[in-house]
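Notes follow the structure.
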Amino acid sequence: MCWSDTVTPQLRVYVPPHPLIQHWLTVARDRNTPTPLFRVAMTELGRWLAYEAVREWLPTVETVVETPLAPCGAMVVNPQVPLVVVPILRAGLALLDGAQGVLPTATTYHLGIVRDETTLEPSCYLNKLPPRLDPQTRVLISEPMLATGGSIMTAMQELVQRGIDPALVRIISVVTAPPALQKLGAHFPAVQVYAATIDETLNEQGFIVPGLGDAGDRAFGTGEEA
């Protein structure tokens with residue numbers, strides 16, 4: 001696992017050097033990848049990025065189990081600490097199946113955020129978060145693209161208002177860009193981001209370049225890129 005400090009020294013952005021992550025990133029980037037295969041790529045990226053993100057993050061407790069031969073000391077994920085996955089709709093759903101495979105006991109709360117294509121400002125149209133969350137809750141956010149940073153900042157604000165400690169939040173994202181990472185670093189430096197790659201720039205429409213296009217359209221077969 002490697003750490004990129006190209007954006008800010010406070011925000012930790014991990015780009016795991018796993019060959020499967022890089023393979024599925026290539027599949028997702030390719031404009032000729034059909035929708036069904038694109039969805040497979042996103043599921044696999046959700047799985048492997050979540051696997052990396054939960055390392056040294058999941059709370060554990062020691063226990064003893066009986067093997068067929070003798071008692072044995074063991075360790076399990078602490079069932080008393082809440083685990084939550086928050087996909088940012090709609091594109092975040094593309095990573096959800098993979099993330100849920102890693103965290104099958106986690107509760108899922110959907111957060112729908114849409115970006116105005118003219119102003120690039122976000123607005124929330126669906127919020128299934130409860131009024132309050134246990135301060136010890138571990139939160140994994142799935143958001144394939146961190147571009148302008150509007151959606152992820154809205155999501156973080158909603159979580160913090162409900163009692164979540166940013167240090168216990170992990171974000172999995174396929175393609176990230178400096179504007180979003182700079183905003184996170186300025187306002188929520190304790191958050192950790194796990195990404196398949198960091199691209200250099202955005203175009204005038206707020207899309208990451210080279211990026212992979214509109215992740216939601218490509219995952220659900222809508223729009224010109226489907």
Express as a percent, rounded to the nearest 5, the fraction of DSSP beta bridges in the chain (both residues included) that run antiparallel.
40 percent
Give the peptides 149-158, 28-37, 195-204 in descending order of average Cβ contacts within 10 Å, highest first.
149-158, 195-204, 28-37
In the range 12-219, carbon and sulfur make up what percent of the accessible area (probe 1.4 Å)?
54 percent
Show me 179-189, 13-23, 85-95, 110-120 ranked by packing, highest mean number of other Cβ atoms within 10 Å first.
85-95, 179-189, 13-23, 110-120
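Suppose a student asked you for the relative contact order of the chain, using Cα pairs under 8 Å spaced at least 6 residues apart; what percent would you report?
23 percent
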Before I look further, what does the chain give for accessible area per residue, probe 1.4 Å, in whole square angstrom?
48 Å²
For the chain, which DSSP H helices look membrane-span-like by this rule: Cα extent along the axis of 18 Å or more and mean Kyte-Doolittle of at least 0.0?
35-53
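The values are calculated or read from the model by the stated rules, or taken from the named source; none is laboratory data. The structure presented is a predicted model; accordingly, all values stated were derived computationally and were not measured. Using ideal geometry, Cβ is built from the backbone for each residue, glycine included, and neighbour counts are taken over all protein chains shown. Protein only, heavy atoms only, side chains kept; ligands, DNA and RNA dropped before computing areas. Shrake-Rupley method; radii C 1.70, N 1.55, O 1.52, S 1.80 Å.
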